[in-house]
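The values are calculated or read from the model by the stated rules, or taken from the named source; none is laboratory data. These figures come from a predicted structure and were not determined experimentally. For neighbour counting, all protein chains shown are included, and Cβ atoms are generated from backbone atoms with ideal geometry for every residue, glycine included. All accessible areas refer to the heavy atoms of the entire protein, side chains included, with ligands and DNA or RNA removed. Shrake-Rupley method; radii C 1.70, N 1.55, O 1.52, S 1.80 Å.
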Amino acid sequence: MIKNLAFILTLVSGVICGQNTRIVYQVSMKTDSATAPTVENAYLDVSGDKSFFYGEKRIQRDSLMQRNFQTRNFNFDRSQMEQYRTQINYQVEKDLSAQKITFKNRIARDLYSYDEDRSFNWKILPETTKIGEYKVQKAETDFAGRKWTAWFTQDIPVMDGPYKFSGLPGLIVKVEDAKGDYSFDLKETKKIGELPNLNQQRGGSTVAVKRKDYEKQMEKFRKDPVSFMNAGNGGAPAPPVSASGGGGGGFRMQMDPQRMKEMEARMKEEQKKNNNPIERVEVK
C-alpha cells in the first residue's frame with residue numbers, strides 16, 4: 001500500500017510542485033560529543049521521482065572553488081573559505097520510484113559511493129499536531145544505531161525527507177534522534193530552476209563500494225587521516241593538486257611543506273573531534 005502511495009504522490013508532486021522543488025532544512029549536528037551542536041542549512045532538491053540532499057555551504061564552497069580554478073586564481077584569500085567549512089560534506093541521492101538510496105562522500109581525495117542496503121521500518125503512530133502551518137503525524141524508527149522520531153505531513157505532496165529518511169506517506173517536516181544529537185527541521189519550500197552539478201570532481205577517483213567497505217575505509221581515515229592518504233598513494237605523499245581538477249596535466253600548484261604540516265595537524269584534530277557521527281556502526 002505504501003509503495004502505491006509513493007507512486008501516486010510522486011506523480012502528484014510532479015504536477016503540483018513543478019519541475020524542481022527545493023526543500024530547505026535546518027540541521028543541528030552534535031558531531032563532537034564534548035561541544036555544542038553546530039547548525040547549518042541543507043537542501044533537499046526534488047525533481048520528478050528523484051531527489052538530492054546536500055549542504056548549503058558545500059555547494060557555495062564548490063561554486064567558489066570552481067570559479068577560482070576556471071580563472072586560475074590561486075592567490076585568493078584562503079581565509080574566506082573558512083565561512084564555508086561544513087559538517088555536511090556528503091550527499092544523498094534517492095530514486096523514489098525504484099526505492100534506491102545512494103550515499104556519496106569524499107574520503108581524502110576520492111569520492112566514495114554506496115547504495116544503502118538497510119530499509120526504514122517505520123511505526124506510524126496516531127498522534128498528530130501542527131508544526132508551523134502544517135498538520136503532522138508522528139512516526140518512529142530505529143536506524144544505524146539511533147532511535148528516530150519523525151513528524152510528516154501530507155499537506156506537501158512529496159514522499160521524502162532529509163538525509164536518507166524516506167518511506168513515509170508524506171514529507172518529513174521534522175526528524176530527531178532520541179538523544180537530541182541530530183535533528184532536521186523544515187524551514188521553507190520553493191521552486192527552483194536548474195539543479196546544481198553535485199558530481200564535479202576535483203581530483204581523485206570515484207569509488208563505488210559496498211556500505212560495509214565504505215565504513216571500513218572511513219574508520220581507517222578517522223583513526224589516522226595522514227597515513228590513510230599516504231597509503232592510498234603507494235606510501236608516498238599525496239600528489240600536488242591539479243588546477244584542472246583532474247589528472248591530465250595542466251597547471252599544478254605545489255603545496256609548501258609548512259602548509260602541508262598545518263593541513264595534516266588540522267586533519268588529525270578534525271577527525272579526533274568527529275567522535276559522534278550520525279550513524280553509529282560497529283566496524284568488524
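Among the residues making up the range 28-52, those that are among the acidic types (Asp, Glu) and at pLDDT below 95 are ASP32, ASP49.
Considering (1) open to solvent by less than 20 Å² (accessible area, probe 1.4 Å); (2) outside any loop (DSSP other than H, G, I, E, B), the lone condition that LEU198 does not fulfil carries the number (2).
Taking the condition of being in a loop (DSSP other than H, G, I, E, B), open to solvent by 50 Å² or more (accessible area, probe 1.4 Å) and modelled with pLDDT of 70 or more, how many residues in the range 244-276 meet it? Count: 1.
Highlighted here are the strands (runs of 3 or more DSSP E) found entirely within the range 109-183 that include at least 1 residues which are in contact with a helix residue (DSSP H, G or I) (Cβ under 7 Å, 6 or more places away or on another chain), of a type in the set (Ser, Thr, Tyr) and open to solvent by 10 Å² or more (accessible area, probe 1.4 Å): 110-115.
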